[in-house]
Amino acid sequence: QVQLVESGGGLVQPGGSLRLSCAASGSIFSINVMGWYRQAPGKQRELVAVISSGGSTNYADPVKGRFTISRDNAKNTVYLQMNSLKPEDTAVYYCNLNMGYATYWGQGTQVTVSS
């Protein structure tokens, strides 16, 4: 079984920064894609950023230039550095691990951007 444990969410003022972390444990295939999705109230879950085990990244247009995704393969951990946060970034952020034959989700961490 695979578990994803997220941390780092919270309340931040507009223009501020947060760093999310997600540690995966269990039977993890070395070739995979890890990423972050978010869901705001009343909206569908949407892609934020993903990174492959080889280091290739993909970002949603609204976060390009502000968010940076990275990973530590030895620790099976993915990070999301969020800078210049805006109120519209407010959402529950979910970690995702996609191994092709199976995909797993974290429990979610709340990010609130408000003055």
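Odds and ends about this structure:
- FRET efficiency estimate (nearest 0.05) - Cβ-Cβ, A74 to E46, R0 35 angstrom: 0.75
- Accessible surface of the chain, 1.4 Å probe, proportion on carbon and sulfur as whole %: 48 percent
- Straight-distance candidates among the lysines for linking to K86, with alpha-carbon spacing under 25 Å and chain neighbours fewer than 8 residues away dropped: K43, K64.
- When only the Cβ of Lys, Arg, Asp and Glu is charged (+1, +1, -1, -1), the dipole of the chain relative to its Cα centre reaches about 60 debye.
- Full-extension gain in nm, Q110 to S53, via 0.36 nm per residue minus C-alpha separation: 17.9 nm
- Per residue value of the accessible surface for the chain (all protein chains in place, 1.4 Å probe), Å²: 52 Å²
- Paramagnetic reach from S84 in the stretch 2-18 [backbone N under 15 Å; point 7 Å along Cα→Cβ]: 14-18
The values are calculated or read from the model by the stated rules, or taken from the named source; none is laboratory data. As the structure is a prediction and not an experimental result, all values here were calculated from the model. Neighbour counts run over all protein chains shown; Cβ positions are idealised from the backbone, glycine included. Surface accessibility is based on the protein's heavy atoms, side chains included, excluding ligands, DNA and RNA. Shrake-Rupley method; radii C 1.70, N 1.55, O 1.52, S 1.80 Å.
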